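Visitor: Below is one structure. I have some questions about it.
The values are calculated or read from the model by the stated rules, or taken from the named source; none is laboratory data. The structure presented is a predicted model; accordingly, all values stated were derived computationally and were not measured. No Cβ is skipped: glycine too gets one built from the backbone with ideal geometry, and neighbour counts run over all protein chains shown. Remember, those area values only see protein heavy atoms, side chains included, never the ligands or the DNA or RNA. Shrake-Rupley method; radii C 1.70, N 1.55, O 1.52, S 1.80 Å.
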Amino acid sequence: MPAKGGVALTACDVVVVGGGVIGLVTAWRVAQRGARVAVVDPRPGGGAAQVAAGMLAAVTELHHGEEALLDLNLASAARWPDFAAELAEAAGTGTGYRECGTLAVALDADDRALLRDLHQLQRRCGLDTQWLTGRECRKLEPMLAPGIRGGLRVDGDHQADPRLLTAALLTACERAGVVFRRREARELTLSGSGERATGVVLDDGTAVAAGRTVLAGGSRSADLAGLPPGGTVPVRPVKGQILRLRMLPELTPFLSRTVRAVGRGGQIYLVPRVSGELVVGATSEERGWDTAVTAGGVYPLLRDAREPVPGITELPLVETRAGLRPTTPDNAPLLGPSELPGLFLATGHHRNGVLLAPVTGDALAASLTTGELPDYARPFHAHRFARAAREVMA
Ligand SMILES: Cc1cc2nc3c(=O)[nH]c(=O)nc-3n(C[C@H](O)[C@H](O)[C@H](O)COP(=O)(O)OP(=O)(O)OC[C@H]3O[C@@H](n4cnc5c(N)ncnc54)[C@H](O)[C@@H]3O)c2cc1C
């Protein structure tokens, strides 16, 4: 179909800008409902998921002031077993979903007080977590340091491998008929009156026309030209540096579950995979789009991970990476229709994009096909900040 000026035009029901884990899960779920879907991304399957640890940590990621997000996180964690099975069936490859549980440990009295406080918060939120003595922690994980002062056992916080997840989502999308345009989206296009989003123009000038446009550009979501002014997409990058070590067969089992601790440089976690990979993360830095790995990032991670698990100094360090978490002012995602008709948001998943993939796919597919955001996703509707910004200016 030729467009104005002789530029080729592709038409579809839904165009998704961004083929990270969130764009892909949205595309797959809506294609399953019969929509003609295109994903625009120069490197689909890339993004922050190539860096992420893959913790499905609804409970251990609970922070004071983020209680509203807990329900969404729990809803997604509950979907993970069926989601992983369905995706593996659709793609023919797995997601590394593993029901391993998590143990958050305290190294000294201060850590113990912090963990006790977290335990109280968890109980107030109706969560069933168990306080263990240091001895009980070491019985579960013998590689823990002898000085561990206690810990919280969270049997429902599991893991997936985000690299396997995105690979499976790519295949599932292809098999469901999703078309990939391996280019940058340069600009959102609007109807003649400017009242409706009608698709995007790519960096080669091609127009992709669509009844509905989903912005799933991760930390770069706000950069798309043509977005309405006024804080429509308040997403910024938060840098995370992360390490991958290899657990040696002679030290097996090194760790059987995810171990978390309060490090001197902030929260630290060690995520052991069946493949032998041990992921150690992560820093949290406000540095714009910088993705340099620095000595100042790697050093505290190793130092703080060695305190609860001294044996890590024996392990080969195989990879250091940095990625960008797409982050909103309240650390919760932006989901569903925006104030501009035809434009939907699926972004801002911050440190929980892997955990939230199943519930995001379901919520976006429902809102794209019925126009209604399901109840469980309503607190995270896409225009909550635009409305607040207008109220401040009024
Ligand atoms: C160090 C670290 C550890 C993490 N650990 C965990 C964890 O343990 N558990 C968890 O649940 N989450 C974790 N996360 C968070 C998780 O990785 C992110 O929330 C998630 O990957 C975000 O996915 P996304 O698809 O929204 O964005 P992204 O992964 O950033 O993908 C966005 C995609 O959009 C594309 N794009 C952007 N703009 C355009 C454009 N104009 N045109 C075309 N394409 C465009 C990009 O190329 C990219 O592929 C971690 C993140 C980091 C950095």
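Visitor: Using the crude model of +1 on Lys and Arg Cβ and -1 on Asp and Glu Cβ, and no other charge, please compute the dipole size for the chain relative to its Cα centre, in debye to 20.
Guide: 320 debye
Visitor: Quick check: with the 1.4 Å probe, what order do Met247, Met143 take by accessible area, largest first?
Guide: Met143, Met247
Visitor: What does the accessible area per residue of segment 323-393 come to in Å², with a 1.4 Å probe and no ligands, DNA or RNA counted?
Guide: Ligands and nucleic acids excluded, the result is 34 Å² per residue.
Visitor: With no solvent and one point per C-alpha, what does the Debye sum give as log10 I(q)/I(0) for segment 230-342 at q = 0.12, 0.18 Å⁻¹?
Guide: -0.51, -0.90
Visitor: Additional query: Ignoring ligands, DNA and RNA, please state the percent of accessible area on segment 59-145 from carbon and sulfur, probe 1.4 Å.
Guide: Reported share for carbon and sulfur atoms: 48 percent.
Visitor: Give me the distance in nm between label points sitting 7 Å out from Cα along the Cα-to-Cβ direction at His64 and Glu187, one decimal.
Guide: My value for the distance between the label points is 4.8 nm.
Visitor: For Val39, what residues show an amide H to amide H distance below 5 Å, using hydrogens built from the backbone and excluding near sequence neighbours?
Guide: The list, which skips near neighbours in sequence, is Val16, Val179, Phe180, Arg181.
Visitor: Right, something else. Distance from the Cα centre of segment 32-81 to that of segment 288-334, in angstrom?
Guide: Answer, in whole Å: 19.
Visitor: Measuring from label point to label point, each 7 Å out along Cα→Cβ, what is the Gln120 to Arg264 span in nm?
Guide: Distance between label points: 2.8 nm.
Visitor: Sort Glu89, Glu187, Glu195 by accessible area with a 1.4 Å probe, largest first.
Guide: I get Glu89, Glu195, Glu187, largest accessible area first.
Visitor: By the scheme Lys and Arg +1, Asp and Glu -1, what is the net charge of all other residues having a beta-carbon under 11 Å from that of Thr360?
Guide: Net of charged neighbours comes to +1.
Visitor: Enumerate the residues in segment 138-154 having an amide nitrogen under 20 Å from the point lying 7 Å beyond the Cα of Ala109 toward its Cβ.
Guide: 146-152
Visitor: Treating only the Cβ atoms of Lys and Arg (+1) and Asp and Glu (-1) as charged, compute the dipole magnitude of segment 301-360 about its Cα centre; round to the nearest 20 debye.
Guide: Dipole about the Cα centre, nearest 20: 80 debye.
Visitor: Counting only heavy atoms of protein chains, what accessible area per residue, in Å², does segment 1-119 have with a probe of 1.4 Å?
Guide: 40 Å²
Visitor: Mind ranking Thr213, Thr313, Thr232 by accessible surface for me, highest first, 1.4 Å probe?
Guide: Thr313, Thr232, Thr213
Visitor: What is the Cα centroid distance between segment 140-193 and segment 367-388, reported in whole angstrom?
Guide: Using only Cα atoms to place each centre, the spacing works out to 22 Å.
Visitor: Now for a separate question. In whole percent, and with a 1.4 Å probe on the protein chains, what portion of the accessible area of segment 165-288 is carbon and sulfur?
Guide: 50 percent
Visitor: Further question: Counting only heavy atoms of protein chains, what accessible area per residue, in Å², does segment 188-247 have with a probe of 1.4 Å?
Guide: Per-residue value: 35 Å².
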